[in-house]
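Okay, so here's the structure we're looking at.
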Amino acid sequence: MRVAVLSGGRSSEHDISLLSAEAVAEGLDTAGHDVIRITIGKSGAWIHDGHPVEVRPGEGLAVAGDLLSLDAVFPVLHGPFGEDGVTQGALDTAGLPYVGSDVLSSAVCMDKLTLKRLCGFHGIPQVGFVQAFTPGWEEEALALEFPLWVKPSRLGSSVGISKVTDPADLAAAVDEAAKFDPRVIIEANSAGREIECSVLGNEDPEASLPGEILTDDEWYDYEAKYTEGRTTIAAPAELDDATTAAVRDLATRVFTMAGCSGLARCDFFVEQPDTGNATGDPGATSGQTRVLLNEINTMPGFTRTSVYAKLWEATGLNYPDLCNRLVELAIDRHQSEQEHSF
């Protein structure tokens, strides 16, 4: 098939996207596909071979006046304007199949506040949280389990995140996060292990074996994520069978609940007995292992050594076959949607 790989984008994760997309392009090439590279500049312009790319509603993508012959698009874009439904809407307008979740689920999962409220409605276990700048938010935040984690609600790669150990520092941390996003989330701490699980599929998704983030830093910040040698991934994680099954089950439940398709990486805290109660529920007990959802990423880092791919490799699916499967899932979803008359 002929697959366009989109990379770059307007977000702070532009450079990470370029690395992910190059690996995807190589994987698709190894799987036998013809790859068309399209780079989205930090200005937002789409470029192919030095020429602007035009989005033609109902027709596809065009370069220098000619439509590109494409079977699917793989938008390897992280963060705002790429992972949040904006690009997905452009591809829907063009009428093209694309890898990953649709507009709604992409937007929901990108916004931590919206996702956590949806999870709360469905009874998904998670840490307690508060939205800054809402009535009474400071009092509610101070009642959470310290240290607190203050984050922009719609960014990734740990950009703009602060760890707050002293209540006197809360306002400054919120102001820092607000530089990146007017929607700011304050989360309770969890002493649990950081466990991640990759999900693949559409209506009947599968979960990989879980992995564990092991970093030499106090927490998994931007530098720890992207500086070579600072972080390792235990794939699979050393978990007992029951906890492994619970993580995989919860990953597919959250994926389906959020309406995701294609792929996602679910991040969890696994609290062992007596590691504390981060949910804010005074009735919760600490006498058993508990799995709490942290967040879900609909387009996680996608190099061969990124967590998403490494976990599938540990589960028995190699990188080129993974890329190939995602293109197949994109086309399957697109064909299924064409059966409906909106």
Residues whose modelled amide H sits under 5 Å from the amide H of Ile36, counting only those 5 or more places away in sequence or on another chain, are Val3, Ala4, Val5
What percent do you get for the relative contact order of region 2-99 when only Cα pairs under 8 Å and 6+ apart count?
-> 34 percent
Gain upon complete extension [Val55, Thr289; 0.36 nm per residue less C-alpha separation] = 79.3 nm
So what are the ³J(HN,Hα) numbers for region 188-194, from phi and the Karplus equation (6.51, -1.76, 1.60; θ = phi - 60°), rounded to whole Hz, Gly and Pro as x?
-> 6, 7, 10, 8, x, 6, 8
A correct Karplus calculation of ³J(HN,Hα) over region 26-36, with 6.51 cos²θ - 1.76 cosθ + 1.60, θ = phi - 60°, whole Hz and x for Gly and Pro, returns 5, x, 5, 4, 4, 7, x, 9, 8, 9, 10
Return the Rg/Rh value of region 128-187, two decimal places, where both radii are evaluated on C-alpha atoms and Rh is the Kirkwood radius.
-> 0.91
Label-point separation (nm) for Arg2 and Leu104, each offset 7 Å from Cα along Cα-to-Cβ?
-> 3.3 nm
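Can you say what percent of the DSSP beta bridges in the chain, counting only those with both residues inside, are antiparallel? Round to 5.
75 percent
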Hey, what number do you get for the chain at 222 nm if only DSSP H runs of n ≥ 4 count, each worth -39500 (n - 2.57), divided across all residues, to the nearest 500?
-> -9500 deg cm²/dmol
Can you give the translational diffusion coefficient of the chain in µm²/s, computed by Stokes-Einstein from the Kirkwood radius over Cα pairs at 25 °C and 0.890 mPa s?
-> 119 µm²/s
Arranged from highest to lowest average of other beta-carbon atoms within 10 Å per residue, in what order do the peptides 234-242, 140-148 appear?
-> 140-148, 234-242
Lysine pairs with alpha-carbon atoms under 26 Å apart, the chain, spacing 8 or more or separate chains = 20
Karplus (6.51, -1.76, 1.60) ³J(HN,Hα), θ = phi - 60°, over region 56-72, in Hz, Gly and Pro reported as x = 9, x, x, 10, x, 10, 10, 10, 6, x, 10, 5, 7, 7, 10, 8, 6
Distance in nm between pseudo-label sites at Asp169 and Ala245 (7 Å out along the Cβ direction from Cα) | 4.2 nm
Given charges of +1 on the Cβ of Lys and Arg and -1 on the Cβ of Asp and Glu, with all other atoms neutral, how large is the dipole of the chain about its Cα centre, in debye to the nearest 20?
-> 460 debye
Which whole-number percent gives the relative contact order of region 128-187, counting Cα pairs below 8 Å spaced six or more residues apart?
-> 44 percent
Excluding exposed DSSP-loop trypsin sites (Lys or Arg not before Pro) (at most 16 other C-beta within 10 Å), longest clean stretch of the chain | 43-178
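Efficiency by 1/(1 + (r/R0)^6): what FRET value for Thr305 and Ala64, r their Cβ-Cβ distance, R0 = 30 Å, to the nearest 0.05? The partial results should precede the final answer.
On the way: r = 36 Å, r/R0 = 1.21.
It comes to 0.25.
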Please work out how much length the chain gains when fully extended from Glu206 to Glu339, using 0.36 nm per residue of separation minus the C-alpha to C-alpha distance, in nm with one decimal.
-> 45.4 nm
Global geometry of region 1-80, whether rounded, prolate or oblate, following the gyration tensor of its Cα atoms and the 1.5 cut on a/c | oblate
Charge-dipole axis of the chain as Lys and Arg at +1 and Asp and Glu at -1 on Cβ define it, positive-most pick from Gly27, Ser7, Ile124 | Ser7
What does the convex hull of the Cα atoms come to per residue for region 20-142, in Å³?
-> 166 Å³
Could you give the length gained on full extension between Phe146 and Leu214, defined as 0.36 nm per residue of separation minus the Cα-Cα distance, in nm?
-> 22.3 nm
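Quick note: the coordinates plus some simple rules give every number you see, no bench work behind them. Here the structure is a predicted model, which is why all the values come from computation and not from measurement. Because the Cβ atoms are built from the backbone with ideal geometry, glycine has one as well, and the counts that use them run over all protein chains shown.
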